[in-house]
Amino acid sequence: MKGVTFRRCGCRDPGTGKKYKEGQCPRLLSNKRADRDHGSWWGRFDAPRGANGRRRQPRLGPFATQKDAENAIAAEITRLGAGGDISDKKMLVRDYLQSWLEGKRSLKPTTFESTRSRSGCISSRHSATSAYATCANITSARW
């Protein structure tokens, strides 16, 4: 696993009103002294592939200095190498509940089964609240 550091900012293109692509802000590319501290330092590293086999490159930041970003990348890579788990920010509520349940085998069978059936109600296209409403229509039991 390896990592890189880069600067990011929240500036917008005055012509389009959209945010500049990563690293494309003119002030980040400028050599002017006034722009030297523009933006924040971030880090990105290659994490182990996900369950679906896709490449994952989590971002870490913001940091005040490049050295802080490099240290954070090194710490995260070390943590992952020691068997730590990567936090997946794009995980769906449904998938989280199912993975959480896998570690909760000590629950009473009725609690385990009712929670498992309710987590199956959550669709990938619904938010947690609309999924709750959908499940409430399917089952009369309360969460």
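Taken together, the values in this text are just the output of simple stated rules run on the coordinates, not laboratory data. Predicted, not measured: the structure shown is a model, and the values here were computed from it. Neighbour counts run over all protein chains shown; Cβ positions are idealised from the backbone, glycine included.
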Inset, instruction - Find out how many positive minus negative residues lie around Gly23, taking Lys and Arg as positive, Asp and Glu as negative, among other residues whose Cβ is under 9 Å from that of Gly23. - result: +2
Inset, instruction - Just order 48-60, 31-43 by mean Cβ neighbour count inside 10 Å, highest at the front, would you? - result: 31-43, 48-60
